[in-house]
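Student: Here's a structure for you.
The values are calculated or read from the model by the stated rules, or taken from the named source; none is laboratory data. Quick caveat: nothing in here was measured; it's all calculated off a predicted structure. Surface accessibility is based on the protein's heavy atoms, side chains included, excluding ligands, DNA and RNA. Shrake-Rupley method; radii C 1.70, N 1.55, O 1.52, S 1.80 Å.
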Amino acid sequence: MKLFYIGCCIGSVLTVIARYLPLNQEARPSCSDDRTSHPAQASFFSLIPLCYRDVSCQKNGYFVHGLSALIYGCVFVFSLQQETLMLKCLLLCWLTMAFLLSMTDLFYFIVEPKLLYPFGFLLWLLHFYFQSPFYWQTGVFMLFCLFIVTFFFQSYLGLGDVLLLLIWGPWLSLYELFLLLAIASCLALVFFCLYFLVNKKQLGYLPFVPFLSLGLWYLLT
């Protein structure tokens with residue numbers, strides 16, 4: 001239970017980072033809507049109290065922040081309960097990366113580069129250190145997909161999603177990659193249909209990273 005509490009605390013801080021880090025967003029020190037008030041540039045230590053003031057100003061702020069902390073608490077416990085040090089390190093890095101990028105995609109519809117590249121580098125470093133199997137065929141396939149999306153389909157599929165898969169892909173077999181995409185696409189389609197049935201209107205944009213993260217969770221478990 002202690003691990004879960006620690007994970008929830010870490011998840012709360014990670015939610016703060018995901019909330020304020022993208023696009024160098026300026027965080028205001030109060031709930032005021034006064035646009036003339038002097039903004040405080042967010043730093044790592046100032047983010048925590050600012051975030052709690054911010055979520056208290058929003059209708060569902062406490063619910064979203066609390067739910068994300070609980071989710072990461074489960075991720076933290078699951079990762080650290082693995083049998084070997086290799087699995088603990090890899091799962092914690094991989095799922096933390098997926099959690100953070102899912103949050104930024106939900107908040108701002110972006111795959112934040114300031115999180116994507118450092119965590120991607122750390123993930124690759126850990127995989128090489130623990131001598132994980134490297135699937136170059138998957139890497140070549142994702143490079144081809146990146147080329148196609150960049151020049152032909154960038155308005156239909158987010159470039160950030162492809163970059164994320166390019167980082168994850170070489171550590172998954174082609175079968176695992178296709179299974180990941182199938183799971184993520186099916187979940188996204190179900191969510192899209194449910195949203196339409198409930199709200200009687202189409203969803204303008206659907207963040208895809210959370211569904212990729214759910215597919216990754218399935219593969220890793």
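Student: Run the 1.4 Å probe and let me know the accessible area of residue 64, rounded to the nearest 10 Å².
Tutor: Taking all protein chains as shown, residue 64 has close to 60 Å².
Student: Output the Cα-based Rg and Dmax of segment 100-221 in Å, rounding Rg to one decimal and Dmax to a whole number.
Tutor: 15.0, 50
Student: Something else: Put 200, 88 in order of accessible area, largest first, 1.4 Å probe: what do you get?
Tutor: Highest to lowest solvent-accessible surface, that is 200, 88.
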